[in-house]
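This report concerns only the one structure given below.
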Amino acid sequence: MVQRYILFRKETAYLPACIIMKKLILVTSPPACGKTFISKQLAKNLKHVVYLDKDTLIPLSNRVFAAGGEEINRSSDFFEKNIRDYEYEVIINLGLEALEYDDIVLINAPFTEEVHDEVFLKNFSNKLKEKGAKLVIIWVITAPEICHARMIERNSDRDTWKLAHWDEYIKTIDFSIPEPLKQANDNLDLMLFYNSSDEEFSKSMETILPILED
């Protein structure tokens, strides 16, 4: 059930056959949609790929909470002001650096604000184009009730506040496809990965891998 938005791919037509268009893939969605599992499965099956996960930075971020005398709450104002953007800055810089050494970089992170920011997407895709790379965004679509169940099952510290305040938290989450991702961009591909069941996962994985290997 993968739906693929190929917004514009004309630029590949005049590239010499020997030139490979590199890709920076962002696997994004609201929390607990299955980004990490999907990202790892894609990375295991793709060739010449560097896998990066923003969650790897969580132990360092938790030290910032401790140093600031704050409870670990990744939905707090403290997190938004002192941690959130710096995590993204680091993971993006790591991704850009990794593109110097391999053909595909896959970043697993929500990018919740960035995928709604048309200016960010345009600037980021243009920066990648200068490096001979294309931005590919995989938006994971999962039913909210499935996300709730998966969040309970994974039993992670980062979800403690969310589960304890589920009704309050879920009102802040937008599960719809961000409109800026649908806008025409000559260096951005959008693919939809459906993941509310095992059947959806298998079908999406089967369809999406050959597209990423183009």
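Points worth noting:
- The modelled label-to-label distance between N126 and E206, using points 7 Å beyond Cα along the C-beta direction, is 4.2 nm.
- Once exposed loop chymotrypsin sites (Phe, Trp or Tyr not before Pro) are cut out (DSSP; at most 15 other Cβ, 10 Å), longest piece of the chain: 9-100
- Accessible area of the chain belonging to carbon and sulfur atoms, whole % at 1.4 Å probe: 53 percent
- Against the chain, whose longest principal axis is taken from its Cα atoms, helix 58-67 shows a tilt of about 40°.
- Our estimate of slack between H116 and E97, defined as 0.36 nm per intervening residue step minus the Cα-Cα distance, is 4.4 nm.
- Nearest-ten-degree value, helix 85-98 long axis tilted from longest Cα axis of the chain: 30 degrees
- Take every pair of alpha-carbon atoms less than 8 Å apart whose residues are at least six positions apart; their mean separation over the length of region 45-130 yields a relative contact order of 42 percent.
- In summary, the aspartates and glutamates within cross-link reach of K40, defined as a Cα separation below 15 angstrom excluding same-chain residues under 8 places away, comprise D53, D55, E206.
- Shape descriptor for the chain: Rg over Rh equals 0.96 (Cα atoms; Rh from the Kirkwood inverse mean 1/r).
- Modelled FRET efficiency - R0 41 Å, N62 with K171, Cβ distances, 0.05 increments: 0.95
- Qualifying trypsin sites (Lys or Arg not before Pro) for region 169-214 [loop in DSSP, other Cβ within 10 Å: at most 15]: K171
- Flagged links, alpha-carbon separation over 23 Å, of K134/K171; K162/K203; K35/K171; K23/K122; K129/K203: K134/K171; K162/K203; K129/K203
- Values of log10 I(q)/I(0), in the order q = 0.11, 0.16, 0.20 Å⁻¹, for region 10-130 under a Debye, Cα-only, solvent-free model: -0.44, -0.87, -1.23
- Label-point separation, N155 to T36 (7 Å along Cα→Cβ), nm: 1.4 nm
- Acute angle (nearest 10 degrees) that the helix 144-154 long axis makes with the longest principal axis of the chain, alpha-carbon atoms: 70 degrees
- Entry note, the chain: relative contact order of 39 percent, from Cα contacts under 8 Å with a spacing of 6+ residues.
- Taking amide H positions as modeled 1.01 Å from N, with prolines and chain starts lacking one, the residues under 5 Å from K134 and 5 or more places away or on another chain are K22, K23, L24.
The values are calculated or read from the model by the stated rules, or taken from the named source; none is laboratory data. Not measured: the values here are computed from a predicted model. No Cβ is skipped: glycine too gets one built from the backbone with ideal geometry, and neighbour counts run over all protein chains shown. The protein model used for the area step is the full one, side chains on, heavy atoms only, and it has no ligands, DNA or RNA in it. Shrake-Rupley method; radii C 1.70, N 1.55, O 1.52, S 1.80 Å.
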